[in-house]
1. Round to the nearest 0.05 the FRET efficiency obtained for K186 and R34 when R0 = 45 Å and r is the Cβ-Cβ distance.
2. Pairs K73/K182; K52/K74; K30/K52; K106/K207; K52/K76: which exceed 31 Å Cα-Cα?
3. I need the phi-derived Karplus couplings for region 244-252: 6.51 cos²θ - 1.76 cosθ + 1.60, θ = phi - 60°, integer Hz, Gly and Pro marked x.
4. From the backbone phi of region 146-157, what are the Karplus-calculated ³J(HN,Hα) couplings (6.51 cos²θ - 1.76 cosθ + 1.60, θ = phi - 60°) in whole Hz, Gly and Pro given as x?
5. Sort largest first and round to whole Å: the equivalent ellipsoid semi-axes of region 47-141, each the square root of five times a Cα gyration tensor eigenvalue.
6. If you average the alpha carbon positions of region 179-248 and of region 40-116, how far apart do those two centres end up, in angstrom?
7. When the Karplus curve 6.51 cos²θ - 1.76 cosθ + 1.60 is applied with θ = phi - 60°, which whole-Hz ³J(HN,Hα) does each residue of region 106-122 get, with x for Gly and Pro?
8. May I ask you to derive the FRET efficiency for Y218 and K193 from their Cβ-Cβ distance with R0 = 22 Å, giving the value to the nearest 0.05?
Amino acid sequence: MEIIIIASLVMGILILHKPVAYLYNKIYIKQQYRNFLSSETFYHAVISSHVKYYNRLGLEDQRKFLFRTYLFKKSKRFHYIEVQESTQMPILVSAVAVQLTFGLDKFMLDYFGDIFILRDDYHYGFYSRPFMGHVDQTGIYLSWDNFIKGLSGQMADCNIGLHEMGHALAYVNFITATEQDKIFTKEFPNFSKIAKPIFTGMQQGNKNLLGDYAATNYHEFWAVAVEMFFETPVRFKHELPDLYEVMTRVLNQDPLNVLKGKLTVLRRSSVNTEKAIFTKRKAIV
């Protein structure tokens, strides 16, 4: 009898887990949105001053972008190493992560609780060359000097924030499998069908806009492709149209649509707990 009771309890927990989790998440999102409203103007001022992608979004998508940035920042512990902390730093780092994942349902990169911001190039492990950023099991690392130069366009076709967030996105979906997005994981094999022959050709000496560093290994190929997808979408689509097309599918967005002022997300989620919130407000003040 005890075994039957225990089995029944376990079965009941399993049956109720998803609806209870969904309800909890819906309540949490609404509560966090109320907390966010007092910071909305400041977030808008910071992000609109630095992130061109954000400025090209419609108002509803801007509201979604700001709130996702708030949630992402709130979920992380930021550490500052030999660099003067500012209120803008964690907001801008979070905004870049949101830009990359804006078409996806899973955007928190939950495995990574810690983000380390360093002053400039640094050495890591036994590598002799300096690093601008990296991702490992301990967290996401970014050199602020290179991050802000990439964000402002001072480093042509280079955005270290997008590059490292690209690594982090692959990490949580495939290495740790801790935050798998249905669209991303479904479409990535299609991305690889197109990408791997290009990558193999680059290792054999073929040249294209992704550059030599993308031929280092397949992880770097993906991260560089992420950079170029957002930084130079017109040239990317012209020179590597098939790769560009599968990038739009795996990330569920098209930067060229953003350039034209159109809706960025290609496919809306069937369950969107954010939707009711964002449609209530008509403008960002």
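1. In this case the efficiency is close to 0.85.
2. Details: K73/K182 23 Å; K52/K74 23 Å; K30/K52 28 Å; K106/K207 34 Å; K52/K76 24 Å.
Too far apart for the 31 Å limit: K106/K207.
3. 4, 4, 6, 5, 5, 7, 6, 9, 6
4. Using θ = phi - 60°, the values come out as 6, 4, 6, 5, x, 5, 8, x, 6, 10, 4, 6 Hz.
5. Numbers: eigenvalues 135, 43, 31 Å².
Its equivalent ellipsoid spans semi-axes of 26, 15, 12 Å.
6. The distance from the Cα centre of region 179-248 to that of region 40-116 comes to 24 Å.
7. Once θ is set to phi - 60°, the couplings for region 106-122 become 8, 10, 7, 6, 4, 4, 8, x, 10, 10, 10, 10, 10, 5, 8, 3, 9 Hz.
8. On the way: r = 13 Å, r/R0 = 0.60.
The formula returns an efficiency of 0.95 here.
Bear in mind that the values in this text are calculations on the coordinates, not laboratory data. Every value quoted in this text rests on a predicted model; they were computed, and no experiment measured them. Please note: Cβ atoms are built from the backbone with ideal geometry, for glycine as well, and neighbour counts cover all protein chains shown.
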